[in-house]
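Each remark here refers to the structure printed beneath this line.
Readers should treat all values here as calculations from the given coordinates under stated rules, not as data from a laboratory. Since the model is a prediction, treat every value here as computed from it, not as a measurement. FYI the Cβ positions are ideal-geometry reconstructions off the backbone, even for glycines, and counts take in every protein chain you see.
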Amino acid sequence: MFWTRELIARNAPVRRRAAPPPGEPPHLGRGVAAYLGLAIGDALGATVEFMTPNEIRQRHGVHDQITGGGWLRLKAGRVTDDTTMSLALGDAILATGGVEATAAARAFDDWMRAKPVDIGNTVRRNLVAFRQTGNPQAPASEHDAGNGAAMRVLPVALACYGQPEKTCIFANRAQAHVTHHNVLSDAACETLIFMVQDLLAGRDPIDVERRRAEKLASQHPVFAYDKKRCENPSGYVVDTLKAVLQSFFATESFEDCLVDVVNRGGDADTTGAIAGMLAGARYGLEGIPRRWLAALEDSTRQACERQAKNLLLQAGMQPQASPTPA
Ligand code: MN
Ligand code: MN
């Protein structure tokens with residue numbers, strides 16, 4: 001038998017998952033799963049980023065293994081900006097004790113200096129501007145409607161878990177506007193944050209769809225996602241969200257959701273990351289295929305687990321706290 005990378009990944013031993021300690025609230029496990037889902041979707045999707053569904057079919061059949069490669073020539077299990085910017089933001093939130101615009105901008109700037117494997121154009125342009133002006137808020141722009149802020153909302157959703165919606169919106173805009181000061185980006189970010197929080201709280205996905213996703217589409221009809229299957233989604237936040245929402249609500253497992261969304265190609269690491277975050281929050285740790293968890297780079301897995309717990313613990317310790325105003 002040939003021991004291909006795939007077989008090795010499938011047969012790799014996986015630590016037995018401990019049952020949650022007695023008294024650990026269920027949202028903690030789902031929060032960890034959301035963070036692992038973000039990283040797994042990023043690592044899985046990066047292999048087929050910028051490919052069309054046809055190209056993926058020809059090269060991989062169905063792409064469902066974390067193998068690395070892709071245009072970034074990643075090592076298997078490596079993640080990209082979607083996960084590493086989220087981790088940078090989460091660290092800043094933990095250090096500051098809230099979501100603060102300048103702290104977020106500095107964290108992103110440090111992240112850029114460390115030469116990440118990939119970086120979006122809007123992110124780069126507005127971080128360079130921050131370096132020059134010290135102003136952590138990019139000018140409002142109709143054009144900056146990329147998915148670069150939406151892909152890194154998870155630490156905000158966790159840090160603000162249990163807080164009023166207004167607080168979550170305010171906190172998100174502090175981090176999002178560092179690079180993406182745009183109405184559609186804001187609407188997408190806020191919808192994702194509320195969806196994650198609803199799912200962590202154990203809400204029924206049908207209810208989450210009605211309360212959050214359908215509301216987004218009714219307020220901003222460009223986001224209507226139920227008509228035509230969105231394939232080859234671009235980095236435009238509207239395309240990204242449409243593909244993610246279609247996959248997320250049309251599937252019934254973590255694995256089916258991620259396989260469906262990344263095989264649509266396009267900005268597949270980012271659709272994978274966002275879908276993985278939602279699916280992790282919905283299905284919890286038990287829903288994550290072991291071969292994917294085992295394939296994820298160890299240091300990334302540990303950082304995601306640690307940060308998810310610490311952000312939720314911080315949120316739990318500050319029931320009345322609101323993020324520091326910018
Ligand atoms: Mn990426
Ligand atoms: Mn991407």
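Screening the chain for DSSP H helices whose Cα atoms reach 24 Å or more along their own axis and whose mean Kyte hydropathy is at least 1.0 gives 183-200.
How do D256, D239, D207, D269 rank when sorted from fewest to most other Cβ atoms within 10 Å of their own Cβ? Don't jump to the answer; show the numbers that get you there.
Working: D256 14, D239 22, D207 10, D269 29.
Exposure proxy ranking, most exposed first: D207, D256, D239, D269.
From Cα pairs below 8 angstrom and at least 6 apart in sequence, can you work out the relative contact order of the chain, rounded to a whole percent? Each step should come with its number before you reach the end.
Values: 608 pairs, mean separation 105.8, N = 326.
Reported relative contact order: 32 percent.
Using 0.36 nm per residue of separation minus the Cα-Cα distance, give me the extension gain between A95 and N135 in nm, one decimal.
Computed gain between A95 and N135 is 12.4 nm.
The share of Cα pairs per 5 Å bin across segment 167-326, counted from zero up to the longest distance, runs 1, 8, 16, 21, 21, 18, 11, 4, 1 percent. The residues neighbouring L94, those whose beta-carbon lies less than 11 Å from its own, together hold a net charge of +1 under the Lys/Arg +1, Asp/Glu -1 convention.
What's the exposure ranking of F108, F194, going from fewest to most Cβ atoms within 10 Å? Don't skip to the answer; put the middle values down first.
Values: F108 24, F194 20.
In increasing order of surrounding Cβ atoms, one gets F194, F108.
Between L313 and R210, the simple spin-label model (points 7 angstrom out along Cα→Cβ) gives 3.8 nm.
For the ranges 132-138, 27-33, what's the packing order if you count other beta-carbon atoms within 10 Å of each residue, average per peptide, and put the highest first? Kindly include the intermediate steps, with their values, before the conclusion.
Details: 132-138: 15.3, 27-33: 24.3.
Ranking, from highest mean packing down: 27-33, 132-138.
As a proxy for reagent exposure, L87, L199, L293 were ordered by neighbouring Cβ count within 10 angstrom, fewest first; the result is L293, L87, L199. Counting charges near P164 (Lys, Arg +1; Asp, Glu -1) among other residues having Cβ under 15 Å from its Cβ returns a value of -1.
Stick to the Cα atoms of segment 92-225, pair each with every other, and give me the Kirkwood hydrodynamic radius in Å at one decimal. Walk me through the numbers before you get to the answer.
Details: mean 1/r = 0.0651 Å⁻¹.
Averaging 1/r across every pair of different Cα atoms and inverting gives 15.4 Å.
Full extension of the segment from R73 to K166, taken as 0.36 nm per residue of separation minus the current Cα-Cα distance, would add 29.4 nm. Highest mean first, the peptides 47-54, 35-42 sorted by other C-beta atoms within 10 Å per residue fall in the order 35-42, 47-54. Straight-distance candidates among the lysines for linking to K115, with alpha-carbon spacing under 25 Å and chain neighbours fewer than 8 residues away dropped: K75.
Just the projected area, averaged over all directions, of the convex hull on the alpha carbon atoms of the chain: how many nm²?
16.0 nm²
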